[in-house]
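To keep things clear, I will list the structure first and then write my remarks on it.
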Amino acid sequence: MNRLSSQLLAWYHTQKRILPWRDHPDPYAVWVSEIMLQQTRVDTVIPYFEKWMQLFPTVKALASAHEQDVLNAWEGLGYYSRARNLHKAAKVVAEKFNGELPRDLEDLRSLPGIGRYTVGAIASMAFGMDEATLDGNLRRVFSRLFDVDEFADSPLGEKILWDLAAKNLPKGQAGDYNQALMDLGATICLPKNPRCLLCPLMSLCKSRENGTQELRPVLKPKKAVPSYVHAAAVIVERGRVLLSQRPAEGLLGGMWEFPNARIDGDPAKALVKSLKAATQIQVKKKEALQVVEHAYSHFKVTVHPFKCEKVSIPKNKNLKWVKLSELEEYPMGKVDRQIARQIK
């Protein structure tokens, strides 16, 4: 074991965070937590994880669940393809592996939603295998420890960092090593203003030595984020409201929303014409509701909701009249959930 891993593990054994999926006897719990933690903070994930394990305590329970219940349990975590892939993968594990997450790395990689990072995390933390992993936190830690000036999000940068993660992995302790790196990145080696004086690896850190810690990792410039404007129709009739289900694939796949259309110009003027063109739904506009804004990973959206009266509703299996009292049972993205709460 080299100095880096020995000093890191010594720190981890006294400073590690107490998390509900750590030291859990079921590999399924590790798997669920790793999928939830992708692009989401630990503090946000904890209550979702605890609720999820109550609703779907086993792989087979998740596999047999209705997709709408799965999306409902995930609502608010974002990146909903993670939930759909977790559900699909659970069905594969239930059918092909008798409900037991496979230990074979190729079998793990074959599951929907499980990539190289997740394979390494599950293999090391759930099965005690000597496998490295590399998430955003670890990428930052290794970029600083070894003062890597290559783009961390380029193929060459990824290769360099994966090699460093594997080279320093202590045999027989990969699970603790990977979790220690995650904790270090989350609590000490922060994206901005890293707490170098508290770092157990400060004496080994090349970027600290060179004064470049604030410049690592080096990332490619981000593209400008486009902004879009939508108008949404809230059509209430006899205690029911019209919802539309999004396509199964793509952004917010399978979620429910208020019929809407992208618009140009004045929302109040554009609503009726744009909605008819996009959905064949014809309405009479009544009153404006509170505007809702939201930033997704690759774009921003401003939605202008209006209470409307129906004129003509086409026959469409993706449209459904839902009781206002049952709106909470229909999984929605953050924008439509905010609109739903206005009308309730």
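Those residues that are hydrophobic (A, V, I, L, M, F, W, C) and not in a helix (DSSP H, G or I), I need them from segment 32-70; list them, please. Of everything in segment 32-70, those that are hydrophobic (A, V, I, L, M, F, W, C) and not in a helix (DSSP H, G or I) turn out to be F56, A65.
Within segment 36-49, the set of residues being more than 11 Å from the chain's Cα centre (by Cα) and either closer than 21 Å to D69 by Cβ or crowded, with 22+ Cβ neighbours inside 10 Å (or both) comprises I46, P47, Y48, F49.
With A94, A83, A73 as the choices, which residue is in a helix (DSSP H, G or I), in contact with a helix residue (DSSP H, G or I) (Cβ under 9 Å, 6 or more places away or on another chain) and within 30 Å of L219 (Cβ to Cβ)?
Sole residue among the options that is in a helix (DSSP H, G or I), in contact with a helix residue (DSSP H, G or I) (Cβ under 9 Å, 6 or more places away or on another chain) and within 30 Å of L219 (Cβ to Cβ): A83.
Taking the numbered list (1) outside any helix (DSSP H, G or I); (2) free of Cβ contacts under 8 Å to residues at least 24 places away in the same chain; (3) touching a helix residue (DSSP H, G or I) at 6+ places or on another chain (Cβ under 6 Å) in turn, T133 passes all entries but (2).
Let's see how each residue does on (1) touching a Phe, Trp or Tyr at 6+ places or on another chain (Cβ under 6 Å); (2) surrounded by 14 or more Cβ atoms within 10 Å (Cβ to Cβ):
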site: C196; (1), (2): no, yes
site: S207; (1), (2): no, yes
site: Q213; (1), (2): no, yes
site: P226; (1), (2): yes, no
site: Q245; (1), (2): yes, yes
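Taking K192, is it closer than 25 Å to T118 by Cβ, of a type in the set (K, R) and not assigned by TED's automatic domain parsing to the domain that holds V311? No. Taken together, the criteria exclude V283 from residues that are surrounded by 12 or more Cβ atoms within 10 Å (Cβ to Cβ) and in a helix (DSSP H, G or I). Filtering segment 161-191 to residues that are small (G, A, S) and under 26 Å from the mean Cα position of the chain (by Cα) leaves A165, A166, A174, G175, A180, G185, A186. Inside segment 294-311, residues that are of a type in the set (S, T, Y) and in contact with a Ser or Thr (Cβ under 9 Å, 6 or more places away or on another chain) make up a count of 1.
Residue count for segment 233-268 under the criterion of being farther than 22 Å from Q342 by Cα and not in a loop (DSSP other than H, G, I, E, B): the result is 0. Of note, V229 does not satisfy the criterion of being more than 15 Å from V292 (Cα to Cα) and either under 26 Å from the mean Cα position of the chain (by Cα) or small (G, A, S) (or both).
Would you confirm, using the coordinates I've provided, whether V148 is among the aliphatic types (A, V, I, L, M), touching a Ser or Thr at 6+ places or on another chain (Cβ under 9 Å) and touching a residue at least 40 places away in the same chain (Cβ under 8 Å)? Yes. Just to be sure, is E106 closer than 30 Å to S207 by Cα and free of Cβ contacts under 8 Å to residues at least 60 places away in the same chain? In short, no.
From the list S64, S33, S81, which residue is out of contact with any strand residue (DSSP E or B) (no Cβ under 7 Å at 6 or more places or on another chain), buried (at least 18 other Cβ atoms within 10 Å of the Cβ) and polar (S, T, N, Q)?
S33
For segment 312-327, indicate whether the set of residues that are free of Cβ contacts under 8 Å to residues at least 40 places away in the same chain, aliphatic (A, V, I, L, M) and not assigned by TED's automatic domain parsing to the domain that holds A73 is non-empty. No, there is no match, as no residue in segment 312-327 is free of Cβ contacts under 8 Å to residues at least 40 places away in the same chain, aliphatic (A, V, I, L, M) and not assigned by TED's automatic domain parsing to the domain that holds A73.
Might you check whether a residue that is small (G, A, S) and loosely packed, with under 13 Cβ neighbours inside 10 Å occurs anywhere in segment 305-322?
First, the residues of segment 305-322 that are small (G, A, S): 312.
Applying the additional criterion that residues be loosely packed, with under 13 Cβ neighbours inside 10 Å yields 312.
Checked segment 305-322: at least one residue is small (G, A, S) and loosely packed, with under 13 Cβ neighbours inside 10 Å.
Scan segment 252-281 for residues that are under 18 Å from W321 (Cα atoms) and of a type in the set (S, T, N, Q) and jot them down. The answer is N260, T279, Q280.
I235 meets the conditions (1) modelled with pLDDT of 95 or more; (2) of a type outside the set (D, E); (3) surrounded by 16 or more Cβ atoms within 10 Å (Cβ to Cβ); (4) touching a helix residue (DSSP H, G or I) at 6+ places or on another chain (Cβ under 8 Å) in every case but one. The failed one is (4).
The values are calculated or read from the model by the stated rules, or taken from the named source; none is laboratory data. These figures come from a predicted structure and were not determined experimentally. Cβ coordinates were reconstructed from backbone atoms using ideal geometry, including for glycine residues, and neighbour counts include every protein chain displayed.
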